[in-house]
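J.: I'd like to ask some things about the structure below.
The values are calculated or read from the model by the stated rules, or taken from the named source; none is laboratory data. Remember, predicted model here, so these are calculated numbers, not experimental data. With ideal geometry, Cβ positions are generated from the backbone for all residues, glycine too; neighbour counts draw on all protein chains shown.
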Amino acid sequence: MKSVLVFFLAVFLCFEGSRLLRRARPRSAGLTGVEFLFLGILLGPEFLNVLDPATQRNLAPAGSMILGVIGLIFGFQFEIKTLRRFPPSWPFAAATGALAVVLFTGPCAFLALRSLAGLDTSSALVHAACLAALAIPSSQAGLVLAARFAPERLRETAGLLRYIASLDGAFALLLYMAALALNPAPAATARAFPEFSAILASLFMLFLLLLHQRRAREDIGLLAAGMVLFSSGAAAARGFSPLVSAFLLGAMVVNTSREKERVYQVLALLEKPMYLFLLLFLGAKWRLDSRAIIPAALAFWACRSFARLSGGWLLTRLSGLRAQPKSIGLGLMEHGGIAFAILHEYPAILPGSPATFAASAVLAALALAAAASPFLLARLFKGETA
């Protein structure tokens, strides 16, 4: 009974919070959504104990559904035809930035896990790949506001940053999938992989057929809910990632269906509430009971920041991008929603103390990056015009 009441309380808080964020002026009112992390801490076992561990376990299916919504929304944003409309140098710029983050953050995380956590080589490699995937995504939220007030000569920079942030999530999910593939899975899970692939392909064909004809708005809503429930539910039942499963289904549907715009309009209504729901659950699971978490968080934030600044400088060396500011990496410091989604799923897919500690440290780093991002964006766009 408590789990049901807590679920409805969380739904109320998240939808009301989403309405408040829409009404308030973005950033200028000081509200970014990350505040729900601290609300989750307040409701978690450390304080009010509303979201206690037992309730969190009971609400695990709701967590899988939230990951499914986020994965599906991001998959619908990955339309190849739309991405091709931009200059050819922009995809290389996005790949350069992501590669810089992986090449710097990944080895640093691997060495720390081997020397300080004492993990064996294979386990350290898997966790380091997950941490590198967490470091890649960048947020578009602050960039949208920055683009409105950016001077004319920096409008292209704002557009480039938004493009890079949109592709960062795809690079992160690809690396995350590779990390899960490197994980020595149980034999039963390995045998279930072909079966799950067949299920995902069947779901794709089913929804493609259902969306072949124009449907009423109510039917579109039901089909969108079906995509989320079936893709995330099948993945959770087979021990796979609901986030990756829904992303793959969304990416396949958006590149083949005629009704993609109407489906995305329905999904977009749930984006902000589901994001806040995710932050609430992450806050409830956040642990700061180890003195090593804060130094680890600062180290992760510093490594990612250095990689982002270095990657930004490197992409300005590419042909067609030499006019971009050398400090363009300042616009990619805040983490995107995909990072929070991976962080919610990562300790569940790879259970154990290393994943729990790493998730708490990275969550602290993500909160720090969110707090610093508005100032860094102002430094980028205002400093370049001074």
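J.: Of the conditions (1) of a type outside the set (F, W, Y); (2) assigned to a helix (DSSP H, G or I); (3) over 19 Å from C14 (Cβ atoms); (4) more than 18 Å from the chain's Cα centre (by Cα), R215 satisfies every one except a single condition; which number is it?
T.: Checking R215 against (1) of a type outside the set (F, W, Y); (2) assigned to a helix (DSSP H, G or I); (3) over 19 Å from C14 (Cβ atoms); (4) more than 18 Å from the chain's Cα centre (by Cα), the one that fails is (2).
J.: With respect to L332, is the statement that it is over 25 Å from G159 (Cα atoms), of a type in the set (A, V, I, L, M, F, W, C) and under 20 Å from the mean Cα position of the chain (by Cα) true?
T.: Answer is no for this residue.
J.: I would also like to ask the following. Could you list, in sequence order, all residues of the range 127-159 that are aliphatic (A, V, I, L, M) and at pLDDT 90 or above? Step through it out loud before you land on a result.
T.: Initially, the range 127-159 is screened for residues aliphatic (A, V, I, L, M), giving 128-129, 131-136, 141, 143-147, 150, 154, 158.
A128, A129, L131, A132, A133, L134, A135, I136 - these are the residues of the range 127-159 that are aliphatic (A, V, I, L, M) and at pLDDT 90 or above.
J.: Given the range 44-129, what helices (runs of 4 or more DSSP H) lie entirely inside it while holding 2 or more residues that are farther than 21 Å from E156 by Cα and in contact (Cβ under 8 Å) with a residue 60 or more places away in the chain? Please lay out each step first, then the result.
T.: Working: elements: 53-58, 60-76, 80-83, 89-115.
By residue number, 60-76, 89-115.
J.: Restricting to the range 313-332, name every residue that is without any contact (Cβ under 8 Å) to a residue 60 or more places away in the chain and in contact with an Asp or Glu (Cβ under 9 Å, 6 or more places away or on another chain). Working first, answer last.
T.: From the range 313-332, those without any contact (Cβ under 8 Å) to a residue 60 or more places away in the chain are 313, 316-317, 322-323, 326-327, 330; that's our starting set.
Scanning the range 313-332 gives A323, S327.
J.: Of everything in the range 130-144 that's buried (at least 23 other Cβ atoms within 10 Å of the Cβ) and part of a helix (DSSP H, G or I), which residue is nearest to the chain's Cα centre (by Cα)?
T.: L134
J.: Looking only at residues that are surrounded by 12 or more Cβ atoms within 10 Å (Cβ to Cβ) and hydroxyl-bearing (S, T, Y) in the range 6-39, which one is modelled with the lowest pLDDT?
T.: Filtering first and then ranking leaves T32.
J.: Can you pull out the residues in the range 277-309 that are of a type outside the set (A, V, I, L, M) and more than 22 Å from the chain's Cα centre (by Cα)?
T.: So the first thing to find is which residues in the range 277-309 are of a type outside the set (A, V, I, L, M), and the list is 277, 281, 283, 285-287, 289-291, 295, 300-301, 303-306, 308.
The answer is D289, S290, R291, P295.
Yes/no per residue for (1) at pLDDT below 85; (2) crowded, with 19+ Cβ neighbours inside 10 Å; (3) closer than 16 Å to L59 by Cα:
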residue: F247; (1), (2), (3): no, yes, no
residue: A251; (1), (2), (3): no, yes, no
residue: R258; (1), (2), (3): yes, no, no
residue: P273; (1), (2), (3): no, yes, no
residue: L276; (1), (2), (3): no, yes, yes
residue: G283; (1), (2), (3): no, yes, yes
residue: I294; (1), (2), (3): no, no, no
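Okay, residues lined up against (1) touching a helix residue (DSSP H, G or I) at 6+ places or on another chain (Cβ under 7 Å); (2) assigned to a loop (DSSP other than H, G, I, E, B); (3) touching a residue at least 24 places away in the same chain (Cβ under 8 Å):
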site: L269; (1), (2), (3): no, no, no
site: A284; (1), (2), (3): yes, no, yes
site: S290; (1), (2), (3): yes, yes, yes
site: A297; (1), (2), (3): yes, no, yes
site: G311; (1), (2), (3): yes, no, yes
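J.: Filtering the range 226-239 down to residues that are among the hydrophobic types (A, V, I, L, M, F, W, C) and touching a residue at least 60 places away in the same chain (Cβ under 8 Å), which residue is farthest from L203 (Cα to Cα)? Quick ask: steps written out before the conclusion?
T.: We begin by selecting, within the range 226-239, every residue among the hydrophobic types (A, V, I, L, M, F, W, C); these are 227-230, 234-237.
Among the residues that remain, those that are also touching a residue at least 60 places away in the same chain (Cβ under 8 Å) are: 227-229, 235-236.
Working: M227: 8, V228: 11, L229: 11, A235: 12, A236: 15 Å.
Ranking the candidates gives A236 first.
J.: Related question: What tally of residues in the range 329-348 results from selecting those that are surrounded by 21 or more Cβ atoms within 10 Å (Cβ to Cβ), assigned to a helix (DSSP H, G or I) and out of contact with any Lys or Arg (no Cβ under 7 Å at 6 or more places or on another chain)?
T.: Residues that pass the stated criteria total 11.
J.: R215 - would you say it is buried (at least 16 other Cβ atoms within 10 Å of the Cβ) and at pLDDT below 85? Spell out the reasoning first.
T.: Working: buried (at least 16 other Cβ atoms within 10 Å of the Cβ): yes; at pLDDT below 85: yes.
Spelling it out, R215 is indeed buried (at least 16 other Cβ atoms within 10 Å of the Cβ) and at pLDDT below 85.
J.: In addition: Can you name the residue in the range 103-115 that is crowded, with 21+ Cβ neighbours inside 10 Å and in contact with a Leu (Cβ under 7 Å, 6 or more places away or on another chain) and, of all such residues, is farthest from R162 (Cα to Cα)?
T.: If we take residues in the range 103-115 being crowded, with 21+ Cβ neighbours inside 10 Å and in contact with a Leu (Cβ under 7 Å, 6 or more places away or on another chain), then L113 is farthest from R162 (Cα to Cα).
J.: From the residues in the range 313-327 that are in contact with a Leu (Cβ under 7 Å, 6 or more places away or on another chain) and either among the small types (G, A, S) or assigned to a helix (DSSP H, G or I) (or both), which one is surrounded by the most Cβ atoms within 10 Å (Cβ to Cβ)?
T.: L315
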